[in-house]
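All remarks here apply to the structure that follows.
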Amino acid sequence: MLKIKNLHVSILDENQKKKEILRGISLEIAPGTVHAIMGPNGSGKSTLANVLAGREGYEITDGEIKFRDKNLFDLAPEERATEGVFLAFQYPVEIPGVNNMYFLKAALNSLRKKRNLPPIDAYDFLQLVKSKMKEVGMDEKFLSRAVNEGFSGGEKKRNEILQMLMLEPSFAILDETDSGLDIDALQMVAQGVNSLRNTERSFMMVTHYQRLLNYIVPDVVHVMAKGKIIKSGDKSLALLLEEKGYGWIEGEGGV
Amino acid sequence: MNPISFIFLNGEFQKKQSAIAALPKEVEFQCTPKSIFLRFPKMLTLKTPIQFVFLGTKKYELNNTIIVEENCRINFIEEYSNHLDKKNETHVNTEITLHPHAHFDFYKLQKENSGSSHHANFSVTQRESSQLQMFTMDCGGLTAKHAIKVQLAEKHASCALHGLYLLEHDQQHVEHQVLVDHIAPFGKSAMFYKGVLDNDAEAKFTGRVKVHAGAKQSKAAQENHHLLLSKRAIAKSEPELEIYANDIQCTHGATVGQIDPAAIFYLCSRGMDRATAIDYLCKAFSTEVLNKIKLESVREYMTREAGCNVQS
């Protein structure tokens with residue numbers, strides 16, 4: 001489904017100096033699998049997530065990303081979304097003046113349009129969104145609020161998962177969705193992801209902690225450090241990391 | 001909205017086209033080709049807004065007086081546009097007096113064509129516990145200048161002055177000079193103006209608050225924000241505070257900026273194309289001011305005129 005080959009990405013730092021963040025990432029994600037990306041702060045995990053979704057401000061200096069048979073770099077963020085890519089933001093953006101329900105409906109309808117489906121019926125939409133809100137434990141009052149405006153950290157993350165459930169992407173990236181969540185919210189996130197898991201849909205979960213992986217059991221765990229994947233393995237790798245810390249693996253990887 | 005509508009052509013009252021019969025007879029209305037006089041008598045509450053539509057084909061001048069007596073509740077709309085798409089030059093001076101406990105909501109829509117100019121001087125005197133709500137929207141004209149002066153002359157008077165200017169033409173220029181004079185104690189004033197500027201458009205906003213000695217426990221807030229959609233658009237914002245009293249609260253804030261790229265990315269990442277995302281964000285920016293309009297029918301009307309019907 002997703003093939004990343006030798007990806008090199010740079011940014012301009014505050015002194016306008018080029019700084020390489022990703023230094024040769026290669027990764028393949030098969031349909032129906034869950035990959036966890038772990039690693040210490042500054043290892044490039046979030047950069048990878050943002051580059052996949054198409055955020056501006058990154059310079060791709062080498063490598064390629066194929067999503068199904070398409071070259072991802074040829075697609076604008078909205079085109080990636082219609083192809084089925086979804087990013088649950090680490091820091092969801094507050095958008096004053098844009099109503100949450102309106103936003104969800106507009107997003108859903110723009111995806112439907114690209115798939116040659118008619119706009120969703122207003123009643124059907126309301127039933128759908130209400131049932132999904134129940135799943136993520138969000139009060140219906142959030143529908144009439146502006147997108148993420150004044151939401152607490154946990155409410156914002158729930159709103160991201162709500163959007164994921166509504167849009168049903170074929171490849172979802174969760175960028176530290178677990179950070180700052182209490183145990184109830186964490187279980188809700190896990191439940192949301194697990195309810196969408198099937199043989200076609202893939203996930204990439206960027207996380208610091210092993211904790212989330214108790215609830216969403218990954219097929220593959222990758223450890224990133226200094227812009228590279230230094231080790232990959234099954235779920236037991238996450239447990240080893242929890243026990244020994246990143247220092248152990250960084251030493252072993254010779255970075 | 002269904003207001004009681006009066007039509008004026010180059011400042012002259014057009015009786016045949018106006019709903020003069022719908023105006024309650026206790027309202028005093030007089031006019032000459034160069035002036036209008038309106039008086040709302042004590043205790044009058046009008047649920048239906050009164051709308052004056054000014055059409056122009058040439059240069060004209062008007063001197064208007066509006067008196068709102070004690071305990072009145074009035075909604076009043078002024079609309080300026082062109083007739084037969086001719087260019088015009090409007091000069092209008094308006095003096096308003098709000099008597100004790102009067103509530104006056106004044107809405108103004110300037111949508112003259114791109115060859116026209118509009119100059120308005122607006123002077124309000126507010127007596128004890130009177131409340132003024134004012135909303136000015138510019139979505140037309142080549143140049144427009146609004147000089148607004150509000151005197152909170154007696155205690156507990158309050159005014160909320162709001163404005164939205166949507167400028168998209170080259171050389172379009174809109175200027176606001178807003179002055180609130182806090183003369184008496186316990187006065188409250190708020191200014192909230194926003195502008196969206198594209199192409200070569202230019203806007204200037206001067207918000208001046210003067211708190212006189214003796215106007216104790218005055219509260220004045222001022223905000224002015226601009227969204228620039230082009231690199232060539234220019235916005236200037238100048239807050240001026242002159243304070244001669246103790247025990248008061250004054251705040252001000254001004255911004256000039258672009259649409260937040262993070263917000264565009266967020267909307268696009270959910271499947272919205274870039275142009276639609278930018279359009280939503282602009283409308284959302286304007287909606288914040290439009291939502292200050294208290295009367296629902298007028299709010300809907302102005303929102304439509306601003307092209308901001310984003311919320312379904």
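Here are a few things to note about the model shown:
- Membrane-span-like helices of chain B, defined as complete DSSP H segments with a Cα extent of 20 Å or more along the helix axis and a mean Kyte hydropathy of at least -1.0, are identified as B:274-290.
- Put simply, the amide H of B:Val256, placed in the peptide plane, has neighbours under 5 Å in B:His226, leaving out anything fewer than 5 places away on its chain.
- In a simple Cβ point-charge model (Lys, Arg +1; Asp, Glu -1; nothing else charged), the range A:1-87 has a dipole of about 260 debye relative to its Cα centre.
- Under the convention that each Lys and Arg Cβ holds +1 and each Asp and Glu Cβ holds -1, the size of the dipole of chain B around its Cα centre is about 360 debye.
- Pairwise alpha-carbon distances in the range A:153-199 exceed 17 Å for 24% of all pairs.
- Rg followed by Dmax, in Å, when chain B is reduced to its Cα trace: 19.7, 60
- Centre-to-centre separation between the Cα atoms of the range A:214-244 and those of the range B:1-65: 75 Å.
- Legend: distances between Cα atoms for A:Lys5/A:Lys66; B:Lys58/B:Lys86; B:Lys216/B:Lys294; B:Lys47/B:Lys194; pairs beyond 19 Å are B:Lys216/B:Lys294; B:Lys47/B:Lys194.
- Working note: Karplus 6.51/-1.76/1.60 with θ = phi - 60° gives the range A:121-129 the couplings 4, 4, 5, 4, 4, 4, 4, 4, 5 Hz, where Gly and Pro are set to x.
- Between the amide H of A:Asp62 and those of A:His8, distances stay under 5 Å, these residues lying 5 or more places away or on another chain, with hydrogens modeled in the peptide plane.
- Within-12-Å neighbourhood charge of A:Asn71 [Cβ basis; K, R +1; D, E -1]: +1
- Environment charge at A:Leu239 (Cβ cut-off 14 Å; Lys +1, Arg +1, Asp -1, Glu -1): +1
- Alpha-carbon gyration tensor eigenvalues x 5, square-rooted, for the range B:129-282, Å: 34, 17, 12
- Under the convention that each Lys and Arg Cβ holds +1 and each Asp and Glu Cβ holds -1, the size of the dipole of the protein assembly as shown around its Cα centre is about 600 debye.
- Applied to the range B:3-17, the Karplus parametrisation 6.51 cos²θ - 1.76 cosθ + 1.60 on θ = phi - 60° returns per-residue 3J(HN,Hα) values of x, 7, 9, 10, 10, 10, 10, 6, x, 8, 5, 9, 4, 5, 8 Hz, with x for Gly and Pro.
- 0 to 90° range, to nearest 10: angle between helix A:235-244 axis and chain A longest Cα axis: 60 degrees
- Separation of alpha-carbon centers, the range B:266-312 and the range B:112-174, rounded to whole Å: 22 Å
- Residues whose amide H falls under 5 Å from that of B:Ile77, counting only those 5 or more places apart or on a different chain, are B:Ile50, B:Gln51, B:Phe52, B:Tyr107, with hydrogens built in the peptide plane.
- Coil-residue trypsin sites (Lys or Arg not before Pro) of the range A:78-120, DSSP, other Cβ within 10 Å capped at 12: A:Arg115
- Mean residue ellipticity (222 nm) of chain A, computed from DSSP H runs ≥ 4 via -39,500 (n - 2.57), nearest 500: -11500 deg cm²/dmol
- Of B:Gln249, B:Phe192, B:Phe8, farthest towards positive along the dipole that unit charges on Lys, Arg, Asp, Glu beta carbons give the range B:4-258: B:Phe8
- Residue-wise HN-Hα coupling along the range B:24-34, computed from phi with Karplus coefficients 6.51, -1.76, 1.60 (Hz; x: Gly, Pro): x, 5, 6, 7, 8, 9, 9, 8, 10, x, 10
- Dipole of the protein assembly as shown, positive end: most advanced residue of A:Leu239, B:Tyr301, B:Gln172 [Cβ charges, Cα centre]: B:Tyr301
- Dipole-positive endmost among A:Phe151, A:Ser110, A:His35 within chain A (Cβ charges, Cα centre): A:Ser110
- On the principal axes of its alpha-carbon atoms, the protein assembly as shown has extents of 90, 56, 45 Å, going from largest to smallest.
- Note on chain A: Cα convex hull, mean projected area over all directions, 14.1 nm².
- Between the alpha-carbon centres of the range A:124-182 and the range A:27-82 there is a gap of 22 Å.
- When you filter the chymotrypsin sites (Phe, Trp or Tyr not before Pro) in the range A:182-234 for DSSP loop state and at most 15 other Cβ atoms inside 10 Å of their Cβ, you are left with A:Tyr209.
Taken together, the values in this text are just the output of simple stated rules run on the coordinates, not laboratory data. In this text, all values refer to a predicted model and were calculated from it rather than measured experimentally. Every residue, glycine as well, gets a Cβ built from its backbone with ideal geometry; the counts of neighbours run over all protein chains shown.
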